There are 2 protein chains.
Amino acid sequence: MQPGGDILARRLAALAPLSEAERRMLAVDPSQRVRRTPARADIVREGDAPGDLRLLLSGWAARYKMLDDGRRQIVGLLLPGDLFDLHMTVLHELDHSIAALTDLRLVEIPHERLDQVLRGSGAIARALRRYTLMGAAIQREWLLSLGQRTAFERLGHLLCEIHIRLSMVGLTNGNACDMPMTQTEMADATGITPVHVNRTLQEMRARGLIVLKGRILEIPDLDQLKQVSLFSDAYLQSLGARRPPGQVVALGAA
Amino acid sequence: MQPGGDILARRLAALAPLSEAERRMLAVDPSQRVRRTPARADIVREGDAPGDLRLLLSGWAARYKMLDDGRRQIVGLLLPGDLFDLHMTVLHELDHSIAALTDLRLVEIPHERLDQVLRGSGAIARALRRYTLMGAAIQREWLLSLGQRTAFERLGHLLCEIHIRLSMVGLTNGNACDMPMTQTEMADATGITPVHVNRTLQEMRARGLIVLKGRILEIPDLDQLKQVSLFSDAYLQSLGARRPPGQVVALGAA
DNA sequence: CGCGACCTTGACGCCTGTCAACACACGTGG
DNA sequence: CCACGTGTGTTGACAGGCGTCAAGGTCGCG
């Protein structure tokens, strides 16, 4: 299997329990052509006609919108294992663009193949519905961030979300994970200024909340960062696979 | 037919052309019980289990999220004809609440009835898919507002959007439309302070951009308000019913 | 008539934006 | 091997948009 060929199975298994057979249905077909895109290129441009469903095998991308005077807002982050433009075929043209933040590897999934998989497994269909809802929940949480959280909280919240989303597909290494975004990109995602992002990151470093160096993020104490960022993981966890009934979890554990 | 019984047909007809028969399929069954909710009540609370699909016959509501310390962000507006919790059944609990901004009249639509209508008409199914995408597009536009627009632009943008969304279901009266939100609610929707909302509205009034009095909004020159608010209707219009091919629109019109 | 919800206004201050250098890493070409 | 350019990160000084606090004002309703 190609590197990351099981990333979609890992992604969806976090949302609904999948059998071994279902996971195999989600593996990337080795014969499938993998498209590569260099960092900083647009892979979708506002006004384009929507195309096929796509799966991000590796690399990070960002949905963004711009104002005429150049102000830019990143409205969503696409991490490895993310699908995009799932339901877009009924649109005439897109209202936003998507830019590669790093070099990307992605595959296109024809809609016939998607329909075939959905018909073949109710669990996968359910997982995909949950996946769509998780995207909407994340968007609402971002609205809450942009509207109500301070610059410090927004940035902390973003870092928590990234770490958790990466851990859902097995891309964290203990407390550490990749963080390839530049400070300018973080600024566009959080609606603050690059200069202020820098100042705020300095403060987080000074307080020992993060270690961010060489495109690697380390969060020594995730709970503490969550707390100071007013991060509540309900919006990501309420979508997870339901725990099997009767299983007792850490009841009175030390 | 009850008052507003054809509101859903009007809503969806703006997204895809519907036949007379299809419009009748969308009419509210007169035998259906209409639920009423008083202003300021929560109709959905964070943590609730998702219920049936609901249709807002009349009145306004708002999705919102709160932080522990009381800060509140309105993350979406529900206007007459809006459906909500369309795909929520796969969730265990909701990540946000919905509050009535005015007295409401709404009906619940059992999922069997929805499936039946969807199977009965491809056009309605397509309109509903577009409707879902329009909701996502509005959310992205709000993210752009909260992240990049100034307080003045955010407020102007909100008023433009409301006027246009109401006009799509025939609820405007020339330049005028209802505007039952309090300034505090506008503040929660735009991420600014009630005090500053007031100051900004004063400025818009002074510049002749709006007349807002007694829960009625009048926009003397919508194009001008759009311009100063950096409002681009692409995000709402790209979803509209495609124009019949061959029809020439205002080509060289005076 | 009094109370509550909402709107309005003023004074003051801070969080964050703006502007402007400078440092640093990296790749490229001479 | 070094000069150079470009993208990124860092820092300081300053300012302004917006938040905060506080005090009325208006309206409708019990």
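The values are calculated or read from the model by the stated rules, or taken from the named source; none is laboratory data. Small disclaimer: the values here were computed from a predicted structure and weren't measured. Methodologically, a virtual Cβ is constructed for each residue, glycine included, from the backbone with ideal geometry; neighbour enumeration extends over all protein chains shown.
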In this structure, is B:G122 within 13 Å of another protein chain (Cβ to nearest Cβ), free of Cβ contacts under 8 Å to residues at least 40 places away in the same chain and surrounded by fewer than 17 Cβ atoms within 10 Å (Cβ to Cβ)?
yes
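Among the listed residues A:D82, A:D95, identify the single one that is among the acidic types (D, E), more than 10 Å from every other protein chain (Cβ to nearest Cβ) and under 23 Å from A:R140 (Cα atoms).
On the way: A:D95 fails: more than 10 Å from every other protein chain (Cβ to nearest Cβ).
The match here is A:D82.
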Testing B:D69 on (1) part of a helix (DSSP H, G or I); (2) within 16 Å of DNA strand C (Cβ to nearest atom); (3) among the charged types (D, E, K, R), one condition comes back false. Which one is that?
(1)
Failed condition for A:A189, given (1) hydrophobic (A, V, I, L, M, F, W, C); (2) more than 14 Å from chain B (Cβ to nearest Cβ); (3) buried (at least 21 other Cβ atoms within 10 Å of the Cβ), with all others met?
(2)
Looking only at segment B:186-223, which residues are in a loop (DSSP other than H, G, I, E, B) and closer than 27 Å to B:G59 by Cβ?
B:G191, B:I192, B:T193, B:L209, B:I210, B:G214, B:R215, B:I219, B:P220
So which residues in segment A:1-49 are over 18 Å from the mean Cα position of the chain (by Cα), more than 14 Å from chain B (Cβ to nearest Cβ) and among the small types (G, A, S)?
A:S19, A:A21, A:A27, A:S31, A:A41
Residue among A:L8, A:L114 that is modelled with pLDDT under 95, not aromatic (F, W, Y) and not in a loop (DSSP other than H, G, I, E, B)
A:L114
What residue, of A:T132, A:T150, is away from DNA strand D (no atom under 16 Å from the Cβ) and polar (S, T, N, Q)?
A:T132
For A:R205, all conditions in the list (1) in contact with a Lys or Arg (Cβ under 6 Å, 6 or more places away or on another chain); (2) free of Cβ contacts under 8 Å to residues at least 12 places away in the same chain hold save one; what is the number of the exception?
(1)
Which one of the conditions (1) surrounded by fewer than 18 Cβ atoms within 10 Å (Cβ to Cβ); (2) small (G, A, S); (3) more than 16 Å from DNA strand C (Cβ to nearest atom) does B:G208 fail to meet, given that it meets all the rest?
(3)
Listed residues A:C160, A:C177; which is crowded, with 17+ Cβ neighbours inside 10 Å, outside any helix (DSSP H, G or I), modelled with pLDDT of 95 or more and away from chain B (no Cβ under 14 Å)?
A:C177
